[in-house]
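FYI, it's all coordinate maths here, none of it is from the lab. Keep in mind the model is a prediction, meaning the values are calculated, not measured. Don't worry about glycine lacking a Cβ; one is built from the backbone with ideal geometry, like all the others, and counts go over all protein chains shown.
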Amino acid sequence: MLQVIRRSSLGIRRALTIIFCTSVAAIVSAVPTQSQNATAQIRSVLRAQQDAWNRGDIDGFMNGYGRSASTVFVSEDTIRRGWETVRERYRKKYSDRAKMGTLAFSDLEIMLLSPDAGVVLGRWSLKRANDQPHGRFTLIFKRLPEGWRIVHDHTSSAPPPK
């Protein structure tokens, strides 16, 4: 009787080991795919923002931000809070196509912090008739029900050339 129990117990252990190994393999193989998808989705948000800007569509550009009172934008030694506040800042500072120029994002580095959060480091540049301002940004993205959105933006301008 004791021998039958031991054999049965060995079979259960084998089955559990196989199930465990299969589960771990499935999880490990899914992680890179999820990361690639998230990175591609974040890049897509930034591409859509750039395209909207270059059409003169500030509201379309603002679709890349979380529509929340907790959205943060830091620039020019000022902290602005809330999606509406950030949108008003863009509308005032870039009130016509000449001021908007042509936007380009470059040197994007995307690092996922979790399945629902990521950080993007990059460069921005504007080409306008009389100048070409540029600088760097750090964006915190969060996966929201509507997709990946910027919840924190810290943008700086490089000094103009002398």
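Here are the numbers for the structure shown:
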read-out: Computed FRET value (nearest 0.05) for E76 with L108, which takes r as the C-beta separation and R₀ as 30 Å; value: 0.85
read-out: Estimated vicinal HN-Hα couplings, Hz - segment 137-145 in sequence order (Karplus 6.51, -1.76, 1.60; Gly, Pro = x); value: 9, 10, 10, 9, 9, 10, 7, 10, x
read-out: Mean Cβ count within 10 Å, highest first, over the residues of peptides 38-45, 97-104; value: 38-45, 97-104
read-out: Reachable lysines from K142, criterion Cα separation under 29 angstrom, eight or more residues apart if same chain; value: K92, K93
